[in-house]
Structure formats: C-alpha cells, structure tokens
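Heads up: the structure comes next, in structure tokens.
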Amino acid sequence: MTSVELTPFRTGDTPLPDVVILTHKLTRDYDMGGEVVHALRGVNIQIKRNEFVAVMGPSGSGKSTLMNLIGCLDTPTAGEYWLNSQKVSDLSDDELARIRTKRSGSCSRRSTCSPGRAPSTTWSCR
Ligand SMILES: Nc1ncnc2c1ncn2[C@@H]1O[C@H](COP(=O)(O)OP(=O)(O)O)[C@@H](O)[C@H]1O
Ligand SMILES: [Mg+2]
C-alpha cells in the first residue's frame, strides 16, 4: 500500500472527527487447526471524510481480510478499528450487524475457475 502521512495515534486515543476510518495495529490471524495464518500484522490506516482510497497488493496479501474488517463482517484478533469515531473492533456480532445496515456498503469480486470452463468473475455489492 502506498503510505500517506498519518496523524500520530496511540492506544487510548480517540480519532479526530474528520477521520471516518481508522485502524490501529489491526491484526487478523486465522487458526487453521493448529497452524496460524497471520493475514494482517498490525495495519495502521486513516481515511478522512471525502477521501478516495484504493487498497492494492498481490494475491494473499490480506486485502479481502482488511475489507471484511472494515465492512464490519469480521472482528480482528487484536488492534483497534474506529468507524465514524465509534470503536467497533470489540463489538458483538449483533452490534456489528446493526452498524452494517446503517453505515457500510461494499463491492467485492469473486473469481471462479472450474476445469474445462473459462474463468468467470462475479461482482456483488451490498
Ligand atoms: N477464512 C480464512 N481462513 C484461513 N486463512 C485465510 C482465510 N481468508 C484468508 N486467509 C489467508 O489469509 C491471507 C490473506 O488472504 P486474503 O485476505 O484473502 O488476501 P487477498 O485478498 O489480498 O488475496 C492468505 O494467506 C490467505 O490464505
Ligand atoms: Mg481478495
């Protein structure tokens, strides 16, 4: 990811009001029956109101994992996620569902490869 200058943020701080999305040391591990996949290792992001941001990286670099967290579809293993000045990283699944209906929308791409068929791509938005 191309990095931009971030306002210093420490654990215990609250984001400035114009920061819509802030992650602090965002971490997501997947436990694969004993083997742990470290998908995100302490990601710091700050996105202000009216900013447009692209997340780019090779396959497996953690883009979808990050989008799932930002879209309140998943909770981090560690670290903080603040959405519109509300700390959402430690909310329950029900509370996250309420935030999803109110605040977030996303568009995702799924590519499918099956033997003998051309690869197909499906876009879904919500
Ligand atoms: N549900 C999951 N269970 C286990 N490992 C996963 C899961 N989702 C993603 N991963 C692993 O996490 C890493 C990041 O994957 P992902 O977020 O899908 O990256 P990208 O979207 O950039 O291709 C990869 O090593 C991937 O195999
Ligand atoms: Mg992906």
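Whether any residue in the range 2-16 is touching a helix residue (DSSP H, G or I) at 6+ places or on another chain (Cβ under 9 Å) and either within 16 Å of ligand 2 (Cβ to nearest atom) or in contact (Cβ under 8 Å) with a residue 12 or more places away in the chain (or both) is what I want to check.
No: the range 2-16 contains no residue that is touching a helix residue (DSSP H, G or I) at 6+ places or on another chain (Cβ under 9 Å) and either within 16 Å of ligand 2 (Cβ to nearest atom) or in contact (Cβ under 8 Å) with a residue 12 or more places away in the chain (or both).
Going through the range 27-50 one residue at a time, which ones are more than 16 Å from ligand 2 (Cβ to nearest atom) and touching a residue at least 24 places away in the same chain (Cβ under 8 Å)?
Of everything in the range 27-50, those that are more than 16 Å from ligand 2 (Cβ to nearest atom) and touching a residue at least 24 places away in the same chain (Cβ under 8 Å) turn out to be Thr27, Asp29, Gly42, Asn44, Ile45, Gln46, Ile47, Lys48, Arg49.
Filtering the range 98-119 down to residues that are away from ligand 2 (no atom under 16 Å from the Cβ) and among the small types (Gly, Ala, Ser), which residue is modelled with the highest pLDDT?
The qualifying residue modelled with the highest pLDDT is Gly116.
For the range 47-56: of the residues being more than 9 Å from ligand 1 (Cβ to nearest atom) and surrounded by 10 or more Cβ atoms within 10 Å (Cβ to Cβ), which is modelled with the lowest pLDDT?
Val53
With the checklist (1) within 16 Å of ligand 2 (Cβ to nearest atom); (2) in contact with a Leu (Cβ under 6 Å, 6 or more places away or on another chain) in hand, flag the one item Cys72 doesn't pass.
Only one criterion in (1) within 16 Å of ligand 2 (Cβ to nearest atom); (2) in contact with a Leu (Cβ under 6 Å, 6 or more places away or on another chain) is unmet by Cys72, namely (1).
Take Ser89 and decide whether it is assigned to a loop (DSSP other than H, G, I, E, B), within 16 Å of ligand 2 (Cβ to nearest atom) and among the polar types (S, T, N, Q).
Criteria not met by Ser89.
So for the range 23-33 (the condition being surrounded by fewer than 14 Cβ atoms within 10 Å (Cβ to Cβ), at positive phi and part of a loop (DSSP other than H, G, I, E, B)), does at least one residue qualify?
Checked against the condition, which is being surrounded by fewer than 14 Cβ atoms within 10 Å (Cβ to Cβ), at positive phi and part of a loop (DSSP other than H, G, I, E, B), the range 23-33 yields at least one hit.
Any idea which of Ser59, Ser92, Ser114 is exposed (fewer than 11 other Cβ atoms within 10 Å of the Cβ), within 13 Å of ligand 1 (Cβ to nearest atom) and either without any contact (Cβ under 8 Å) to a residue 12 or more places away in the chain or under 21 Å from Gly12 (Cα atoms) (or both)?
Residue meeting the stated conditions: Ser59.
Glu80 passes all but one of (1) loosely packed, with under 14 Cβ neighbours inside 10 Å; (2) within 26 Å of Glu5 (Cβ to Cβ); (3) at pLDDT 95 or above; which number fails?
For Glu80, the exception is condition (1).
The values are calculated or read from the model by the stated rules, or taken from the named source; none is laboratory data. All values derive from a computational prediction rather than experimental measurement. No Cβ is skipped: glycine too gets one built from the backbone with ideal geometry, and neighbour counts run over all protein chains shown.
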